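Undergrad: One structure coming up, written as structure tokens, with questions to follow.
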Amino acid sequence: MKQTTLFLLAAAITLTACKNETKTTETAITVNQLSNKNIYAFDSVVAYLRQVKASQEDTSKKIFLQAIDLLKNKKDPNGSVGLFEKSLRFYPNNKGYYELGNALLELNRDSLAFNAYDLAERLNYNPLGYVLFKKACAMAGMAGDEDYDKQQLALEYLRHAIENGFVSREKIFGESKLDPIRKNSEFISSYNEAMSGNGDPASILWDGYSSSFRQCDFPLVINMESLKNIKQPVAISYDYEKYVTEMRDYKFSRDVGNEFFYFAKVGSTPAFETVIYGSRSYGHGDNLPYVPAKFYIASYDKQGKLIDKVEFAGQEAFDQLFKVATLQQNLNFEIKEYQNTWTKPAAENGYENNTISQSDLMKTTKYKIAANGKFVSDAKVLGFILNTVFDRL
């Protein structure tokens with residue numbers, strides 16, 4: 001089926017688009033918001049994004065993280081839907097639509113879930129194969145055992161998902177939403193056909209992740225000013241958690257969590273690629289000197305297997321040491337750790353409307369990126385020398 005035919009048929013099945021209009025809510029300040037119905041209308045979303053204030057994206061992300069906490073940790077998809085929709089009313093984005101679709105799919109609200117996934121795709125959600133797989137699930141749920149046209153469309157989405165790197169056999173053959181099309185006589189042949197021309201599945205997913213990093217300029221310095229200058233970084237999808245282990249290990253605190261984002265590509269060799277990604281929370285409050293963010297430098301082989309990783313720069317919370325990293329073009333870098341002293345004692349006054357009066361250097365560690373992608377530090381070298389001396393005694 002041609003892509004244009006696929007799109008037209010999908011459009012015919014989705015909800016009718018709402019009129020293009022925005023709603024203005026009067027609070028202490030005037031805030032533009034999409035109406036509840038217009039968050040599902042692509043034309044309204046595009047028109048809204050042309051005029052919305054960028055400052056509203058922070059508000060959107062705070063609400064999004066509360067919704068993620070409900071969906072993923074508290075296993076409350078019903079409670080999360082309203083928060084996802086509220087987040088999208090402030091600032092619609094592909095990640096918000098994708099996770100909203102996940103919540104709706106769990107609630108068997110398949111038609112609305114398909115709309116959410118469709119918006120995520122049209123707003124360039126990455127990895128593409130994952131959102132196409134979810135569209136296949138939603139369409140199959142809408143099809144049931146009776147609607148042949150929707151079953152065919154679900155099969156097409158599944159095939160496109162596989163061709164774009166979604167190759168989890170466990171999910172393809174185990175997802176209950178796909179039961180209606182697994183009964184279809186064309187299911188196995190469509191699956192085999194898509195897999196036969198798919199190439200290396202691990203490389204496809206890895207390429208989708210690594211291609212989102214942009215090459216950095218040298219020397220690269222990440223310091224406190226860097227955190228102040230970060231506006232709205234590109235968020236990393238939770239579907240890439242195999243490359244960002246903190247996504248798997250991180251536990252949301254209370255009702256908020258961390259957003260992980262792309263920062264820079266350091267370099268690439270025939271054996272490995274090195275990138276820098278970051279994470280930050282939106283639960284710290286307002287009127288802060290900067291938003292704490294933590295950066296990691298990581299090397300992977302060409303299939304995306306982690307070789308080595310170091311906590312590179314920044315801090316996760318104000319009471320931690322602040323790391324300043326400097327990376328040279330020869331791929332040597334150093335990390336300096338500072339203890340900050342606040343003008344007003346933080347224990348009594350907190351960090352809002354506070355400033356740093358002094359930063360004391362506590363430690364400096366130098367690294368080089370070896371030919372195998374490992375990060376070799378002077379501390380490791382010193383430890384090796386001392387251990388060798390003691391072994392000889």
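Undergrad: Whole number in Å², please: accessible area per residue of the stretch 78-144, 1.4 Å probe, ligands, DNA and RNA not counted.
TA: Accessible area per residue: 27 Å².
Undergrad: Among rounded, prolate and oblate, which fits the stretch 67-220 when a ≥ b ≥ c are the square roots of the eigenvalues of its C-alpha gyration tensor, a/c under 1.5 means rounded, and a/b larger than b/c means prolate? Intermediate values should be presented prior to the final figure.
TA: Details: a/c = 2.18, a/b = 1.13, b/c = 1.94.
Oblate.
Undergrad: Take the alpha carbon atoms of the stretch 151-228, find their radius of gyration, then divide it by 2.2 N^0.38 Å using N residues; give the quotient. Before the final figure, lay out each step's value.
TA: Values: Rg = 19.2 Å, N = 78, 2.2 N^0.38 = 11.5 Å.
Dividing the Cα radius of gyration by 2.2 N^0.38 Å gives 1.66.
Undergrad: In the stretch 334-383, what GluC sites (Glu not before Pro) fall in a loop by DSSP, with at most 16 other Cβ atoms inside 10 Å?
TA: Within the stretch 334-383, the qualifying GluC sites (Glu not before Pro) (loop, at most 16 other Cβ atoms within 10 Å) are Glu352.
Undergrad: For the pair Thr341 and Ile230, how long in nm is the line joining their label points, each one 7 Å along Cα→Cβ?
TA: Here the modelled spin labels are 2.7 nm apart.
Undergrad: I would also like to ask the following. Tabulate in residue order the Karplus-calculated ³J(HN,Hα) for the stretch 326-336, using 6.51 cos²θ - 1.76 cosθ + 1.60 with θ = phi - 60°, rounded to whole Hz; enter x for Gly and Pro.
TA: Values, residue by residue: 10, 10, 9, 5, 7, 6, 8, 8, 10, 10, 10 Hz.
Undergrad: Probe of 1.4 angstrom, ligands and nucleic acids ignored: what's the accessible area per residue over the stretch 263-304, in square angstrom?
TA: Ligands and nucleic acids excluded, the result is 30 Å² per residue.
Undergrad: Considering only protein heavy atoms and a 1.4 Å probe, what is the carbon-and-sulfur percentage of the accessible area of the stretch 225-375? Mind showing how you got there, number by number?
TA: Values: 3350 of 7180 Å².
The value for the stretch 225-375 is 47 percent carbon and sulfur by accessible area.
Undergrad: Sticking with this one: Rounded to the nearest 10 Å², what accessible area does Val81 have for a 1.4 Å probe in the complete protein model?
TA: We get 10 Å² for Val81.
Undergrad: Percent of accessible area on the stretch 79-215 owned by carbon and sulfur, 1.4 Å probe? Numbers along the way, then the final one.
TA: Working: 2320 of 5270 Å².
The computed percentage sits at 44.
Undergrad: Whole angstrom only: what separates the Cα centroid of the stretch 116-140 from the Cα centroid of the stretch 291-306?
TA: One Cα centre to the other: 26 Å.
The values are calculated or read from the model by the stated rules, or taken from the named source; none is laboratory data. The model shown is predicted, which means the values in this text are computed figures rather than measured ones. Reconstructed Cβ throughout: ideal geometry from the backbone, glycine too, with neighbour counts over all protein chains shown. Remember, those area values only see protein heavy atoms, side chains included, never the ligands or the DNA or RNA. Shrake-Rupley method; radii C 1.70, N 1.55, O 1.52, S 1.80 Å.
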